[in-house]
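**Student:** Sending over a structure as structure tokens; questions will come in a sec.
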Amino acid sequence: MEEREFDRLVAICRLKLSAKEREDIRKDIDDIISYFDEVSKVDTGREKEAYHPVEMQEKLREDKVVPFGNVQGLLSNTKTYRFYVVGPKV
Amino acid sequence: MSGSIEEFHSKKAGDGYYERLEAELKKLNAELHAFNNITLLNTGGYPFSAKDNLCVEGVETTASSRILKGYVPPFNATAVERLLKRKFTFIGKTNMDEFGFGTFGLNSDEPARNPFNREYVTGGSSSGAAVATSVMKYHVALAVSTGGSISAPSSFCGVVGFTPTYGLVSRYGLLDYGNSLDKIGIISRSASDTANVFDLIRGPDDKDSTSVSEAPKKEKAKKNLFVIKELLKGETQSYFERFCDKLRGLGYAIGEVSVPDIEKAVQAYYIISMAEASTNLAKYTGFKYGYKNSGFEKGYNEFFTEARSNFGVEAKRRIVLGTFVRSSSVRSKYYDKAMKVRALLTSRLSKTLEKGNIIIPAMPILTPKIEEARQMDSVSVYKMDISTIPPNLCGLPHVCFPYDYAGGMPIGAQIIGSHFSDNGVLEFVQEWEKTFKYKFKYDVGAL
């Protein structure tokens, strides 16, 4: 993978890498992608994608609103203002 | 109940037992780092721990990641809730590779140490769960496997690691790594303890749409076993062949089968798991789960990027690669193809499993030293999962158990069954335990 493409990918991922992390990831990314390329050698014939390992029909439940028992616990993981979770500007 | 759970209750832990247990564990944990935190929530029951990616109400849950430092879940994972309702005693959260990303247990700020020899790896990612089980006389660990995170540490630490059929145990309350691959399982000192705990935690759950309502089949250990010849290589081969001879002496018929492309399970697994991980980790935005970033005046992208600097390097590597394989220009080449390989291998393994169970070495190498493992490059590390990935990729139930010791370190094998044959593979290990005594260096909490 070329430097420019790698940098573009890192930016899309919203990652900021230190020099050491960049070196660590950069040095073996081509080896990993070459390794991944080997799946294309498998003749999968007419197999369809297995989105789950155990394929079966399951009943979906009806949506229903139920009270959550520990709202204070939920909010304790956030900064709040008048019962709203505070976040960055969008 | 049978096994050590029944023994524990018959011996009746007296006054002060749990305080002594906590004190002993804290002392040993300073050296072995099995637990990220030791917190007794209740007393009077059989002790259990939960891997640090399972939510426990009121107890810090970090998945060994700095980005979750300070996150205290307001609810219990279903598996945890079901054990608490049956009066088990929660004792703490176990160490792990960050978010489950690791084969050797080294992707943690303070990696757990192998109780047989501290210079050697524990295996990962459920490193602490295996170490806690190896050192405690009465204890079961709730662990999680995505591609081998129960079998690898169980093999290197000499304990019994059970990964059930995908969907039999609710994933509600698990911090996701790969949704289509994650299974909550059990690490214990015996298959009978595991079977008892499995019966308590399995079953459908309205809170997890991928939990299945089908019950595991009632079946005994199968006498026909098959070794996959492509997986019989490496340092453990000669030990494993001697083990097969012992099984023949116990009346098992062991055949050899070829499963074409089985080695490609590793690539398929890493493509799928990294793709799923890269989306799952996007939820850690820096303002909802514990880690409190300052600087809310910043724009969202800048804020988000800053928060994500708290991931470890392996997590960042998997975000980059997972994002890459999902890119529209290469998605069909990698991600879609990997899912077709999963379908193909599930079909091929299922054909063999119609005739009997599969038995293979858990790891291709003997337990490496920590320094040896640290020097391996990423592809070499991923290849170490060659035996643990196939049953995980295909959602098949399997148990890793000790069958020999080399240089004082345990060696594990895996018995694999067809979907919902969980009881059959556990029965096989119970039969094995009648002829083979496991070794442990510690018995913390003995009565």
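The values are calculated or read from the model by the stated rules, or taken from the named source; none is laboratory data. Predicted model, so just to flag it, every value in this text is computed and none were measured. So basically every Cβ, Gly included, is an ideal-geometry build from the backbone, and we count neighbours across all protein chains shown.
**Student:** Is it fair to say B:LEU345 is over 17 Å from the mean Cα position of the chain (by Cα), surrounded by 20 or more Cβ atoms within 10 Å (Cβ to Cβ) and closer than 16 Å to B:ILE415 by Cα? Break it down stepwise before answering.
**Tutor:** Numbers: over 17 Å from the mean Cα position of the chain (by Cα): yes; surrounded by 20 or more Cβ atoms within 10 Å (Cβ to Cβ): yes; closer than 16 Å to B:ILE415 by Cα: no.
No, not satisfied.
**Student:** Let me ask something else. Scanning for something in contact with an Asp or Glu (Cβ under 7 Å, 6 or more places away or on another chain) and not in a loop (DSSP other than H, G, I, E, B), does segment B:136-143 turn up at least one residue?
**Tutor:** Taking segment B:136-143 and keeping what is in contact with an Asp or Glu (Cβ under 7 Å, 6 or more places away or on another chain), we get B:137, B:140.
Add one more test, that the residue is not in a loop (DSSP other than H, G, I, E, B), and what stays is B:140.
Scanning segment B:136-143, I find at least one residue that is in contact with an Asp or Glu (Cβ under 7 Å, 6 or more places away or on another chain) and not in a loop (DSSP other than H, G, I, E, B), so the answer is yes.
**Student:** If I ask for residues that are in contact with a helix residue (DSSP H, G or I) (Cβ under 7 Å, 6 or more places away or on another chain), more than 15 Å from A:ARG22 (Cα to Cα) and assigned to a helix (DSSP H, G or I), which ones from segment B:308-339 would you list?
**Tutor:** B:GLY322, B:THR323, B:PHE324, B:VAL325, B:LYS333, B:TYR334, B:TYR335, B:LYS337, B:ALA338, B:MET339
**Student:** Right, another one. Considering B:ALA343, B:ALA315, B:ALA307, which residue is small (Gly, Ala, Ser) and at the interface with chain A (Cβ under 8 Å from one of its Cβ atoms)?
**Tutor:** When all the criteria are applied, what remains is B:ALA343.
**Student:** Next question. Can you tell me which residue is farthest from A:ASP24 (Cα to Cα) among those in segment B:318-334 that are surrounded by fewer than 22 Cβ atoms within 10 Å (Cβ to Cβ) and more than 7 Å from chain A (Cβ to nearest Cβ)? If you could, list the steps in order and put the result at the bottom.
**Tutor:** Kept after step one, since they are surrounded by fewer than 22 Cβ atoms within 10 Å (Cβ to Cβ), are these residues of segment B:318-334: B:323, B:326-333.
Cutting the leftovers down to more than 7 Å from chain A (Cβ to nearest Cβ) gives us B:326-332.
Working: B:ARG326: 22, B:SER327: 22, B:SER328: 26, B:SER329: 25, B:VAL330: 24, B:ARG331: 25, B:SER332: 28 Å.
Among them, the one singled out is B:SER332.
**Student:** Just to be sure, is B:VAL80 of a type in the set (A, V, I, L, M, F, W, C), without any contact (Cβ under 8 Å) to a residue 40 or more places away in the chain and buried (at least 20 other Cβ atoms within 10 Å of the Cβ)?
**Tutor:** Working: of a type in the set (A, V, I, L, M, F, W, C): yes; without any contact (Cβ under 8 Å) to a residue 40 or more places away in the chain: no; buried (at least 20 other Cβ atoms within 10 Å of the Cβ): yes.
Taking the combined requirement at face value, the residue does not satisfy it.
**Student:** What number of residues within segment B:199-224 are part of a helix (DSSP H, G or I) and within 30 Å of B:ALA315 (Cβ to Cβ)? It would help to see each step written out before you state the result.
**Tutor:** First, pick out the residues of segment B:199-224 that are part of a helix (DSSP H, G or I): B:199-201.
With within 30 Å of B:ALA315 (Cβ to Cβ) added as a condition, the list becomes B:201.
The qualifying residues number 1.
So that you can scan it fast, the table gives a plain yes or no per residue for (1) more than 21 Å from the chain's Cα centre (by Cα); (2) more than 30 Å from B:GLU371 (Cβ to Cβ):
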position	(1), (2)
B:PHE8	yes, yes
B:ARG20	yes, yes
B:LYS27	yes, no
B:ALA34	no, no
B:SER49	no, no
B:LEU54	no, yes
B:GLY58	yes, yes
B:ALA79	no, yes
B:ASP97	no, no
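**Student:** Let me ask you something else. Which residue is farthest from the other protein chains (Cβ to nearest Cβ), if the candidates are limited to segment A:1-56 and must be among the acidic types (Asp, Glu) and part of a loop (DSSP other than H, G, I, E, B)? Let's see the steps before the verdict.
**Tutor:** Within segment A:1-56, the first condition is being among the acidic types (Asp, Glu), and the residues that meet it are A:2-3, A:5, A:7, A:21, A:23-24, A:28, A:30-31, A:37-38, A:43, A:47, A:49, A:55.
Now restrict to residues that are part of a loop (DSSP other than H, G, I, E, B): A:2, A:43, A:47, A:49, A:55.
Working: A:GLU2: 13, A:ASP43: 8, A:GLU47: 4, A:GLU49: 4, A:GLU55: 9 Å.
The selected residue is A:GLU2.
**Student:** Residues that are within 14 Å of chain A (Cβ to nearest Cβ) and either in a helix (DSSP H, G or I) or touching a His at 6+ places or on another chain (Cβ under 6 Å) (or both): does segment B:158-167 have at least one? Before the answer, list the steps.
**Tutor:** Applying the first criterion (within 14 Å of chain A (Cβ to nearest Cβ)) to segment B:158-167 yields B:163-167.
Those left that are additionally either in a helix (DSSP H, G or I) or touching a His at 6+ places or on another chain (Cβ under 6 Å) (or both): B:163, B:165.
Looking for residues that are within 14 Å of chain A (Cβ to nearest Cβ) and either in a helix (DSSP H, G or I) or touching a His at 6+ places or on another chain (Cβ under 6 Å) (or both), one finds at least one in segment B:158-167, hence yes.
**Student:** A:LEU60 - would you say it is loosely packed, with under 10 Cβ neighbours inside 10 Å, of a type outside the set (Asp, Glu), in a loop (DSSP other than H, G, I, E, B) and within 8 Å of chain B (Cβ to nearest Cβ)?
**Tutor:** Working: loosely packed, with under 10 Cβ neighbours inside 10 Å: yes; of a type outside the set (Asp, Glu): yes; in a loop (DSSP other than H, G, I, E, B): yes; within 8 Å of chain B (Cβ to nearest Cβ): yes.
In short, yes.
**Student:** Only one residue in B:LYS51, B:LYS12 is surrounded by 23 or more Cβ atoms within 10 Å (Cβ to Cβ), within 24 Å of B:ASN196 (Cα to Cα) and either at pLDDT 95 or above or not β-branched (Val, Ile, Thr) (or both), so which one is that? Spell out how you get there, then give the answer.
**Tutor:** Details: B:LYS12 fails: surrounded by 23 or more Cβ atoms within 10 Å (Cβ to Cβ).
Criteria check complete, one pass: B:LYS51.
**Student:** A further question on this structure: Please determine, by comparing only the residues of segment B:395-417 that are buried (at least 24 other Cβ atoms within 10 Å of the Cβ) and within 12 Å of another protein chain (Cβ to nearest Cβ), which one is nearest to B:PRO216 (Cα to Cα).
**Tutor:** Once the filter is applied, the top-ranked residue is B:PRO397.
**Student:** Any residue at all in segment B:60-76 that is surrounded by fewer than 23 Cβ atoms within 10 Å (Cβ to Cβ), of a type in the set (Asp, Glu) and either outside any helix (DSSP H, G or I) or in contact with a helix residue (DSSP H, G or I) (Cβ under 8 Å, 6 or more places away or on another chain) (or both)?
**Tutor:** Taking every residue of segment B:60-76 in turn, at least one turns out to be surrounded by fewer than 23 Cβ atoms within 10 Å (Cβ to Cβ), of a type in the set (Asp, Glu) and either outside any helix (DSSP H, G or I) or in contact with a helix residue (DSSP H, G or I) (Cβ under 8 Å, 6 or more places away or on another chain) (or both).
**Student:** Here's a follow-up. Look at segment A:69-90 and say how many of its residues are within 9 Å of chain B (Cβ to nearest Cβ), exposed (fewer than 10 other Cβ atoms within 10 Å of the Cβ) and either part of a loop (DSSP other than H, G, I, E, B) or within 24 Å of the chain's Cα centre (by Cα) (or both).
**Tutor:** So in segment A:69-90, the residues within 9 Å of chain B (Cβ to nearest Cβ) come out as A:69-79, A:85-90.
Keeping just the survivors that are exposed (fewer than 10 other Cβ atoms within 10 Å of the Cβ) gives A:72, A:90.
Narrowing further to those that are either part of a loop (DSSP other than H, G, I, E, B) or within 24 Å of the chain's Cα centre (by Cα) (or both): A:90.
Matching residues across segment A:69-90 total 1.
**Student:** From the list B:GLU119, B:GLU57, B:GLU110, which residue is out of contact with any helix residue (DSSP H, G or I) (no Cβ under 8 Å at 6 or more places or on another chain) and surrounded by fewer than 23 Cβ atoms within 10 Å (Cβ to Cβ)?
**Tutor:** Numbers: B:GLU119 fails: out of contact with any helix residue (DSSP H, G or I) (no Cβ under 8 Å at 6 or more places or on another chain); B:GLU57 fails: out of contact with any helix residue (DSSP H, G or I) (no Cβ under 8 Å at 6 or more places or on another chain).
Checking each option against the conditions leaves just B:GLU110.
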